[in-house]
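Asks: I'd like to ask some things about the structure below.
The values are calculated or read from the model by the stated rules, or taken from the named source; none is laboratory data. No experiment lies behind these values; they were computed from the predicted model shown. Cβ atoms come from the backbone with ideal geometry, glycine included; neighbour counts cover every protein chain shown.
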Amino acid sequence: MHVQSIGIKSKNINDLIQKVKKGLPVKSFEKLGKKLGVSDHLLSQIVNIPTRTLTRRKHQGRLNAEESEKVLRIARLYDKALDVFEDEKSTEKWLKEPARGLGGDIPLEYAKTELGAREVERLLSRIEHGVFPG
């Protein structure tokens, strides 16, 4: 099980869960921001990590479990979108622009909650199978 966008490699889901519990490296957050083409400040808003907390985590080198899970959620969406659109620029653009399948909401904004992220994943699956336009 790999989360390519943030450079996390795991043998299986249990290994990934343990990595999340331990806390992902702050580098994962930074890699995701670069992939998305967003600032640390904007990504911290998307994953709901206060700026001051993020600053502390950068000094510590590791996110906590809850923060790691939020970063992983967005990274999974990025990886899924990349599978669907097969191009980093198209993926970044789609995640940051209003999507008809989300009632005109922006996928990254919609994915601020787990329920929203699941809906974005469902939309990506429909797009992948030609069932629903983006």
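Asks: Can you tell me how many residues in region 84-104 are exposed (fewer than 12 other Cβ atoms within 10 Å of the Cβ) and assigned to a helix (DSSP H, G or I)?
Replies: 2
Asks: Give the number of residues within region 18-62 that are exposed (fewer than 15 other Cβ atoms within 10 Å of the Cβ), over 26 Å from GLU97 (Cα atoms) and in contact with a Ser or Thr (Cβ under 9 Å, 6 or more places away or on another chain).
Replies: 4
Asks: What residue, among those in region 105-122 that are outside any helix (DSSP H, G or I) and either touching a residue at least 24 places away in the same chain (Cβ under 8 Å) or on the phi > 0 side of the Ramachandran plot (or both), is surrounded by the most Cβ atoms within 10 Å (Cβ to Cβ)?
Replies: Ranking the qualifying residues of region 105-122, first place goes to ALA111.
Asks: Still on this structure, I have one more. Determine which member of the set GLY33, GLY7, GLY23, GLY101 is touching a Leu at 6+ places or on another chain (Cβ under 6 Å) and modelled with pLDDT under 95.
Replies: Going through GLY33, GLY7, GLY23, GLY101 in turn, just one is touching a Leu at 6+ places or on another chain (Cβ under 6 Å) and modelled with pLDDT under 95: GLY101.
Asks: Would you be able to tell me the number of residues in region 2-35 that are farther than 20 Å from GLU66 by Cβ and assigned to a helix (DSSP H, G or I)?
Replies: Residues that pass the stated criteria total 3.
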